[in-house]
Each structure stands twice: as structure tokens, then as C-alpha cells.
């Protein structure tokens, strides 16, 4: 009888321990997901002074101090952490959100670190600060893999946390092969969680979705691991596909560590 009771007690202990370990593992993976930021680029067609639907002031979005390589947090975002707002995302052929799908070797070699993504965020030599030839932008043109995000790509970001460098002008894209020009003044950086992506019904026939975001504090998340959105749909041209309506479901996004 004692032997049977002992066996039952041991079984109960292992069951409880197993349950606790399962919860710890779930928490571990949840924390890991929470500590990742998707690195994006956003231009003036989404965040700029006077833009609908927010009608930001120039001081809200650092337009008064915009410059090449500026990486300060936009003031409105810094002062409204936790607030939920809508952002527009441009039009087909004039997109406002872009994914960096890979990091050029030239960024890795630029310094000041051995991580190319970090060098870009730190405005390393030729990436926003002067290089040996006093050229602040020499490494920011013809960047392969800069991918404009249309409805499907934006939808794939729902629930993800983002760190974005914001441009004071439009980011221009060349197709076949896909390359982006990342020269120009910056407004700084923003961080947020993508809450939802919905079809925009109050714009033109080519308007891309409205993205609802929850603002995060750049200073609080800047040391989180940075990831690249590796598999956004790649547009065939500036007009195809005419992808303006977020799908009900899409392929799962793939994120890789930004190096």
C-alpha cells in the first residue's frame, strides 16, 4: 500500500514539475518574441508634418531638425508612449513603408561595429556620418533588397514590434533588380507595435492600407534584438501587383537576425 502511495506522489510531483516547465518555456518564447524588433524604413508619405490622419506639427516629427543621419526619437512618439494611432502607408508605386531584407557587406565593413544593421542605426561612416572622404551618404544608394510593402506585406507584420528609421522625403525604388535609394535627410526613429492593417476606404483608388500602431519608447527598446523581414512579397513593378486590400490570411512572415 505504501509503495502504491509513493508511486502516486512521485507521479504527481513529476506532473506538476512538467506543467511548470511548460509554462516557463512558453514564457521564455513569449519574452524572446517581445524582445525582437523588425527593422523598417518609413518615408514622408506616412509620417511627416501636416500628413493625414494625424496632421503632425513640424516639431512633432523633428522636421525642424531633420538632417542626414539623424537618429533621435520623433518627439510626438516620445511624448505619447502607449498611445494607439493610425498611419497611412502610401500608394501603389509610391509606398511609404519598406523592408530591409538583407544587409549590404559595405554596411558591415563601415563600422563602428561589426554589425551592419547596428552601423546603419548608429549612422556610421558613409551611413549618415562623414567617412574618410567626408561623404555622409556614399553607402546609401543602390541598396539591394529594399522592398516596398503593399497590403499583403503590411498584413504580415500584424502583432510585430517595429523599429523604423524615418525619412524626410520619399524613398525611391528601382525595379528589376529591386534596389532602393536611402539618401536624404532623416527625421529620426520611431518604435511601435503593429496592431492591425485595414483597407483604406477614404483615399484614392491606389491607396494602401491604414496601419494602426501602438507607440513604443525607442529608448526602452533600442537594445532589443533587431530582425529583418526576409520574405515580404516582392512587387514586379511600380504598378503590379495592385495590392491594396489586406488578405484574410497570408503566408507566414520570416524574420532573420539583422547582422
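Which residue is surrounded by the most Cβ atoms within 10 Å (Cβ to Cβ), if the candidates are limited to region 142-189 and must be within 16 Å of residue 211 (Cα to Cα) and without any contact (Cβ under 8 Å) to a residue 40 or more places away in the chain? Full working, then the answer.
As a first pass, look at region 142-189 and keep what is within 16 Å of residue 211 (Cα to Cα): 148-164, 166.
Next, only the ones that are without any contact (Cβ under 8 Å) to a residue 40 or more places away in the chain stay: 158-159.
Values: 158: 16, 159: 11.
Restricting to residues being within 16 Å of residue 211 (Cα to Cα) and without any contact (Cβ under 8 Å) to a residue 40 or more places away in the chain, the top hit is 158.
Picking from 219, 243, which residue would you name as being in contact (Cβ under 8 Å) with a residue 60 or more places away in the chain and loosely packed, with under 15 Cβ neighbours inside 10 Å? Spell out how you get there, then give the answer.
Numbers: 243 fails: loosely packed, with under 15 Cβ neighbours inside 10 Å.
Result: 219 is the single residue among 219, 243 that is in contact (Cβ under 8 Å) with a residue 60 or more places away in the chain and loosely packed, with under 15 Cβ neighbours inside 10 Å.
Take region 134-151 and flag every residue that is modelled with pLDDT of 95 or more and either outside the structural domain of residue 240 (by TED's automatic domain parsing) or not in a strand (DSSP E or B) (or both).
Taking region 134-151 first, the residues modelled with pLDDT of 95 or more are 134-144, 146-151.
The answer is 134, 135, 136, 137, 138, 139, 140, 141, 142, 149, 150, 151.
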inquiry  = I want to confirm something. Restricting to region 33-53 and keeping residues that are surrounded by fewer than 16 Cβ atoms within 10 Å (Cβ to Cβ) and without any contact (Cβ under 8 Å) to a residue 24 or more places away in the chain, which single residue is nearest to residue 207 (Cα to Cα)?
reply    = 50
request  = Quick one: residue 201 ticks every box in (1) part of a loop (DSSP other than H, G, I, E, B); (2) modelled with pLDDT of 95 or more; (3) out of contact with any strand residue (DSSP E or B) (no Cβ under 8 Å at 6 or more places or on another chain) except a single one, so which number is it?
outcome  = (2)
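Just to be sure before I move on: is residue 165 touching a helix residue (DSSP H, G or I) at 6+ places or on another chain (Cβ under 8 Å) and closer than 17 Å to residue 145 by Cα in the structure I sent?
Yes: the conditions hold for residue 165.
The values are calculated or read from the model by the stated rules, or taken from the named source; none is laboratory data. Fair warning: this is a prediction, and the values are worked out from it, not measured in the lab. Reconstructed Cβ throughout: ideal geometry from the backbone, glycine too, with neighbour counts over all protein chains shown.
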